[in-house]
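Note sheet for the following structure.
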Amino acid sequence: MEKVALLLKRKNKRQIARISRSDLMNKDGEIRTYDISVCYYDIEGQTYYTGIARDITNKLLISEKLIDAERRAFLSVLASSIGHEINNSLTAIQGHIEIAKLPDATEQIRQKTIQITWSQLIKLKTLTNNLLQLGKPGESLSKSLESINLNDSVESVIDVFQKTSRLKDCRIYFKPGPASVIVRSDQDQLSLLLSNIVLNSADATGNRGNIQISVYIRNHHPVVSVLDDDVGMSKEVIQKIYQPYFTTKGIGKGTGLGMFVAKEIADQRGIKIEIESEPNLGTEFRLVFPDKVPAI
């Protein structure tokens, strides 16, 4: 007991070596996973050792099952959302094509069918691009960068959306920045980033609101602002907006991948996404590029 009392008084002399998750064979010949902690003490010139081995095999199995169950739940939600998205688009395309095939279909109906089909194909392309980006989040970094005129890139995205019926009731206004604003990026990635931000704003307004897109310079850095007049977002929603599969829309009206993918692309390229939003006061997204431009 004397040595125990002395040991307790000299805690500073204790040294701990920890070995985690070591696979060892137990007395029954089974390979189990142990969490091992070994302590040794110096007391009056003598070294004493003590150790604890905890069998964590069952704990790890339970943890793996919980993770697997969570993964399956996420995949179930994702598959359901994607399935509804694809089915809705295909149903719209099929229905309009069947109407256009009727003998008494007018030229106006046929043109409307082309417009609807094009719109739904753009929607499906955005969905598949988001899924592909999830599968190879770091691959774009290996692509060679190119010099891109930021005004032209934004205008090309707006042009695509204005030709689709999905945003036909949205009023999109563009205020270009200086013509010399150039950024180094990958065009496909930048277009996907901008598309997801614009689509998020359009969805928030019910595809019937006003969206103001501006390009300007702030502290020598190019900025793209996307301002809408939607109902705004609470702080709780803003905190969750980049989480995969998070959506405020119902099943079949969104996969919850758009903003997650946008954040992935932005982080890869060093682009900062700023959000300003309050309930009933609209939302502004700002993409702040790392490129520096001279004062204009």
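The values are calculated or read from the model by the stated rules, or taken from the named source; none is laboratory data. All figures in this text were calculated on a predicted structure; none of them were measured in a lab. Positions of Cβ are generated from backbone atoms using ideal geometry, with glycine treated the same way; all protein chains shown enter the neighbour counts.
Restricting the range 200-233 to residues that are touching a residue at least 60 places away in the same chain (Cβ under 8 Å) and farther than 27 Å from ALA179 by Cβ leaves a set whose member that is surrounded by the fewest Cβ atoms within 10 Å (Cβ to Cβ) is ASN200. All of (1) modelled with pLDDT of 80 or more; (2) over 30 Å from ASP28 (Cβ atoms) hold for GLN46 with one exception: (1). For the range 140-155, the condition holds for at least one residue, the condition being that it is small (Gly, Ala, Ser), modelled with pLDDT of 85 or more and part of a helix (DSSP H, G or I). For the range 1-43, filtered to residues that are touching a helix residue (DSSP H, G or I) at 6+ places or on another chain (Cβ under 9 Å) and over 17 Å from THR57 (Cβ atoms), the residue that is modelled with the lowest pLDDT is LEU7.
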